[in-house]
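Since the structure comes first, as structure tokens, the remarks are kept for the end.
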Amino acid sequence: MNDISGLEKQYKALDWKAPMNNEEAIDASCLLTFPYDYAENPAEVVIDTDEFTAVCPWTGLPDQGTLIITYVPGDSVIELKSLKYYLFSFRDVGIVQEHATSRILNDLVNLCKPRSMTVSLDYNVRGGLHTAVKAEYSQES
């Protein structure tokens, strides 16, 4: 005979939820820059990774996707190792995709003061739905 109440307890244990908006775990203090000495010849910098991971705040399951950062530097350039550590700090954060994209854009704009920047976060399909989010910044705006 099956113990239905025991099975219900097991399913409830799977219904874990990450704390919503636990963004204080995101470590923007590790981000570094170095001087960009070619401001008279603006270059477009493109950084991408298919290893971005955060946590769904409702299910606790990992959200994974491809992150693309495109920017035209002002006086400084983002140091890549520090960027990797910063992105890694999202790993256990319960954050919706739209907030993650905006948070990354805001942190990076505050860090390096670019002429322009676009952050695109293209999440893997989950539950049959595909989500891609883009946030943009321009000095003119």
Sort out which residues of the stretch 23-52 are under 20 Å from residue 131 (Cβ atoms) and modelled with pLDDT of 95 or more, and write them in order of number. 48, 49, 50, 51, 52
Which ones in the stretch 62-74 are surrounded by 19 or more Cβ atoms within 10 Å (Cβ to Cβ), part of a strand (DSSP E or B) and not small (Gly, Ala, Ser)? 63, 67, 69, 71
Of the residues in the stretch 43-57 that are of a type in the set (A, V, I, L, M, F, W, C) and more than 16 Å from residue 23 (Cβ to Cβ), the one that is farthest from the chain's Cα centre (by Cα) is 43
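Return the residue satisfying two criteria in turn: it lies in the stretch 84-121 and is in a helix (DSSP H, G or I) and basic (Lys, Arg), and of such residues it is nearest to residue 59 (Cα to Cα). Break it down into steps so the answer makes sense when it comes.
As a first pass, look at the stretch 84-121 and keep what is in a helix (DSSP H, G or I): 84-88, 97-112.
Now drop any that are not basic (Lys, Arg), which leaves 84, 103.
Details: 84: 25, 103: 21 Å.
Top of the filtered list is 103.
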Among 93, 45, 119, 77, the single one that is within 16 Å of residue 26 (Cα to Cα) and either surrounded by 16 or more Cβ atoms within 10 Å (Cβ to Cβ) or in contact (Cβ under 8 Å) with a residue 24 or more places away in the chain (or both) is 93
Could you say whether any residue in the stretch 122-135 is assigned to a strand (DSSP E or B), crowded, with 18+ Cβ neighbours inside 10 Å and either of a type in the set (Ser, Thr, Tyr) or touching a residue at least 60 places away in the same chain (Cβ under 8 Å) (or both)? yes
Just need a number here: residues in the stretch 45-61 that are polar (S, T, N, Q) and either in a loop (DSSP other than H, G, I, E, B) or at positive phi (or both). 1
Of 82, 116, which residue is touching a helix residue (DSSP H, G or I) at 6+ places or on another chain (Cβ under 6 Å) and of a type in the set (S, T, N, Q)? 82
Any residue at all in the stretch 53-60 that's more than 15 Å from residue 108 (Cα to Cα), surrounded by 13 or more Cβ atoms within 10 Å (Cβ to Cβ), among the aliphatic types (A, V, I, L, M) and at pLDDT 70 or above? yes
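The values are calculated or read from the model by the stated rules, or taken from the named source; none is laboratory data. What you see is a predicted model; the values in this text were computed from it and never measured. Cβ sites come from the backbone with ideal geometry, for glycine too, and all protein chains shown count toward neighbours.
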